[in-house]
Amino acid sequence: MNPLLNERGAMALTSSLTSISKLTRIAPSKAPIVYNLRTTQPQITYLQRSPISKPFSLSHLTQTCRIKPKMRKHRMLTIRFLFTGIVEEMGEVQQLGVTDDGGVDLKIHAKTVLEGVNLGDSIAINGTCLTVTRFDTHLGEFTVGLSPETLRKTSLSELEKGSLVNLERAVQPVGRMGGHFVQGHVDGTGEIVGMEPEGDSLWIKVRADKGLLKYIVPKGYIAVDGTSLTVVDVFDEESCFNFMLVAYTQQKVVIPLKKVGQKVNLEVDILGKYVERLLSNGFVESIKVQ
């Protein structure tokens, strides 16, 4: 091998290493540095270095702050206004009457639904979602207001002192969905037209308006006085449907205490109404076009 080439190669290598060493020692970082304020005292500021590759904008922080409250608000709404149709207890009506300002108040004696109650909470009374306006946990009572529309749409106007009512608090996200999705928005009332025992169970037959009956299907869900029940049969000619109450359910809800001819609150399954709405607005046709 040529000694001259070896000598030139060694010199080139030495020169390259020397250049790299110099660059490493003298080349400072060109990345900008941002300091995030951690704690501020008089005349003293503690900072934390955070090197980044691009200029930083405080707009990211302000956007995050605006979004968080909206997320919390949405989460509260899902907790407060949904029920399952599983009655927690039966309460007793203490008072139903007109207030000094012309409204109508309903006062109920209860125990279970008052656990953790707050003003503004929603409690379903015979399937009607109502807002707590006053409560006294020591006396075991709470009050709700009844609007004219509520009185027209439900059977609550038939209540009197001593009447028993089904009570359920709004569902919590940590609980089980034992019944079905019940909004507490009563669609109308039905009339009990038949009550027949079979063994220790009880058949109940209810007449409903045809406008509601179209949403009621055999083996489908329905809320009767706020109780989640399964429809057994639908009798279109009679505009009726029926369901059966087992012995345990009879002891926990107010329906068996009523008589033939009395009214019950009805809330049909919301899914049926959504489907009808989509079909009437040409939803299927729009999918076919796509």
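The values are calculated or read from the model by the stated rules, or taken from the named source; none is laboratory data. Not measured: the values here are computed from a predicted model. For neighbour counting, all protein chains shown are included, and Cβ atoms are generated from backbone atoms with ideal geometry for every residue, glycine included.
The residue pairs whose first member lies in the stretch 144-158 and is closer than 12 Å to Gln95 by Cα and at pLDDT 95 or above, whose second member is acidic (Asp, Glu) and in a strand (DSSP E or B), and whose beta carbons are closer than 7 Å, counting only pairs six or more residues apart or on different chains, are Gly145/Asp105. Is it true that Ile255 is over 26 Å from Gln172 (Cα atoms) and crowded, with 17+ Cβ neighbours inside 10 Å? In short, no.
Can you find even one residue in the stretch 193-203 that is surrounded by 19 or more Cβ atoms within 10 Å (Cβ to Cβ), of a type in the set (Val, Ile, Thr) and in contact (Cβ under 8 Å) with a residue 24 or more places away in the chain? No, because not a single residue in the stretch 193-203 is surrounded by 19 or more Cβ atoms within 10 Å (Cβ to Cβ), of a type in the set (Val, Ile, Thr) and in contact (Cβ under 8 Å) with a residue 24 or more places away in the chain.
Select from the stretch 253-266 the residues that are within 29 Å of the chain's Cα centre (by Cα) and either modelled with pLDDT under 95 or closer than 12 Å to Ile192 by Cα (or both) and list them in ascending order.
Of everything in the stretch 253-266, those that are within 29 Å of the chain's Cα centre (by Cα) and either modelled with pLDDT under 95 or closer than 12 Å to Ile192 by Cα (or both) turn out to be Ile255, Lys263, Val264, Asn265, Leu266.
So, Ser155, is that one surrounded by 13 or more Cβ atoms within 10 Å (Cβ to Cβ) and not aliphatic (A, V, I, L, M) or not? Criteria met by Ser155.
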